[in-house]
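The values are calculated or read from the model by the stated rules, or taken from the named source; none is laboratory data. What you are looking at is a predicted structure, and each value in this text was computed from that prediction instead of being measured. Cβ atoms come from the backbone with ideal geometry, glycine included; neighbour counts cover every protein chain shown.
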């Protein structure tokens, strides 16, 4: 390799070693997130410039403990390391990232990677924490034992990767054009045990551990991992998260709502009165429709912020450990907790995260129930209905009633997911017992604000992209259906009653009338198949056209006048179960490799939604609720 050539660098390592923090520290905002061709495994790539001005491309490979390839994530890492992945350049240099406080599993991976024969460097991350705990690593001895160059880093601190950048320049200066002798073969259990013994020998020779570790992590774990107290703490954390989604995001939501209302009024006042069709399209189709979804961006940012903070702090693994017994009773593997918790933000990454589950039946069960978890796309629907029908009061002196109802909806999603899992286990996989739950608990560490900010920004950008593409196109379609054909001369009643939207909605109304839905709701459910949150924008468009520009600004008040409480409750229940997301169904097909499970998911969720809404509406009417 010439000194001027661009270096292709790959980060490899076990989960929870700080690999992603190191990637963020190296690349900053110069990174891209996509999927590998043909699979839904996330591909994170970026670039940086060395102190001597060389350009480096870096790829953050999925975390793995071995190259055996027992999950899609591990297969991607194995194939790229071995140069088997079509369309992906072979890395010039592998950086194997290790947690300096816990080297056992990473050193075993290092010994396996050495057999591949490619240039490699070991990065001891979190070296500051190791030294503070009294862990003494003889870097020269460790380097000699492994036959590899070693560099230390503190990825979460400014300047913590300076030595790595310097050593990257040295690698380029040496021009490593070496013939690769690949001696790797898929290791057996005996091979892995032998490699672990060799890793333990190397650690004994080069690492001195403190006599009696008494760390902050062990002291915190003595509280948060308590069989009873730990579950109480977990419930409180989730409760605060859902309260925050409703209460803390309110000022920002009000600001966005006022901004879109002002923009709509500006368009209304600026355009000539004779341009009624264009005025309606811009105000009711685009601004009111898309704005009614974007206004929920603060709440979506809030829930992503909580999940990323908990993950970065190290609590997510503890939550999975605490939930293992409960989930095991429902036929789920303990590792299913993190994918299901991720599904609170979006079912798509939650389903993709099931790749950490080795057993196919355990993984399939988790995929089937992940859409039942209350994702962020449901937040606009829940918020709209709760705000319209639940008073903004405080109960017990400190709890927001609307937030409490929101918490109840999330709890209903969790209970329904566990129930469906238990039923599937009883009828489909009665003879299958989940494998024992083994999970390495990472040390607690202060979340890195830069990494959190990048994560939140990336997800907010994805939501806004969705609002600017899928939601925008659906709103244009809904506006067109609600505006054409126009009412004939002398027609009575709102013009929308004569539109294509009304014709479609009224054709479906007899099917949905038993659960309390009117034709306007039927119209909103159809484009809602593209994305759940589109239903809110569709309702805003339908009712704003029907009721004039005031309805566009105050859709919640309009719904409170148009619907009864029984209908509102029925729609809330519908959204707990209904499979209203085409993207999620597509990911299920790709992850399972079969259209069968996509159809099974759609049918069982649709049946659950209809039956649950029917029971809710019928019970509400029986109790005298209109």
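Of all the residues in the stretch 137-162, those that are closer than 17 Å to residue 99 by Cβ, outside any strand (DSSP E or B) and under 36 Å from the mean Cα position of the chain (by Cα) number 7. Taking the stated definitions as given, is residue 29 touching a strand residue (DSSP E or B) at 6+ places or on another chain (Cβ under 7 Å), under 26 Å from residue 165 (Cα atoms) and at pLDDT below 85? Against the criterion (touching a strand residue (DSSP E or B) at 6+ places or on another chain (Cβ under 7 Å), under 26 Å from residue 165 (Cα atoms) and at pLDDT below 85), residue 29 does not qualify.
For the stretch 222-241, the condition holds for no residue, the condition being that it is more than 29 Å from residue 338 (Cβ to Cβ), touching a helix residue (DSSP H, G or I) at 6+ places or on another chain (Cβ under 9 Å) and either surrounded by 13 or more Cβ atoms within 10 Å (Cβ to Cβ) or modelled with pLDDT under 85 (or both). Over 30 Å from residue 253 (Cα atoms) and without any contact (Cβ under 8 Å) to a residue 24 or more places away in the chain: is that true of residue 337 in this structure? In short, yes.
Conditions (1) within 30 Å of the chain's Cα centre (by Cα); (2) within 30 Å of residue 137 (Cβ to Cβ); (3) part of a helix (DSSP H, G or I), marked per residue:
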| residue | (1), (2), (3) |
| --- | --- |
| 194 | no, yes, yes |
| 197 | no, yes, yes |
| 221 | yes, yes, yes |
| 226 | yes, no, no |
| 230 | yes, no, yes |
| 233 | yes, no, yes |
| 237 | yes, no, yes |
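Reported count of residues in the stretch 55-68, each being in a loop (DSSP other than H, G, I, E, B), surrounded by fewer than 19 Cβ atoms within 10 Å (Cβ to Cβ) and either modelled with pLDDT of 85 or more or under 25 Å from the mean Cα position of the chain (by Cα) (or both), is 1. Suppose the filter is assigned to a helix (DSSP H, G or I) and at pLDDT 75 or above; does residue 560 pass it? Spelling it out, residue 560 is indeed assigned to a helix (DSSP H, G or I) and at pLDDT 75 or above. Any idea which of 507, 480, 491, 460 is at pLDDT 85 or above and surrounded by fewer than 18 Cβ atoms within 10 Å (Cβ to Cβ)? Among 507, 480, 491, 460, only 507 is at pLDDT 85 or above and surrounded by fewer than 18 Cβ atoms within 10 Å (Cβ to Cβ).
Tallying residues that are at pLDDT below 80 and more than 30 Å from residue 459 (Cα to Cα) within the stretch 266-299 yields 7. Residue 374 meets each of the listed conditions (1) surrounded by 14 or more Cβ atoms within 10 Å (Cβ to Cβ); (2) at pLDDT below 80; (3) outside any helix (DSSP H, G or I) apart from (2). In the stretch 173-187, is there at least one residue being part of a helix (DSSP H, G or I) and either under 18 Å from residue 114 (Cα atoms) or at pLDDT 85 or above (or both)? Within the stretch 173-187 (the criterion being part of a helix (DSSP H, G or I) and either under 18 Å from residue 114 (Cα atoms) or at pLDDT 85 or above (or both)), the answer is no, since none of the residues qualifies.
Taken as a whole, the structure places residue 332 among residues that are modelled with pLDDT of 75 or more, assigned to a loop (DSSP other than H, G, I, E, B) and over 16 Å from the mean Cα position of the chain (by Cα). Taken residue by residue, the stretch 513-520 has no member that is farther than 29 Å from residue 623 by Cβ, modelled with pLDDT of 70 or more and surrounded by 15 or more Cβ atoms within 10 Å (Cβ to Cβ).
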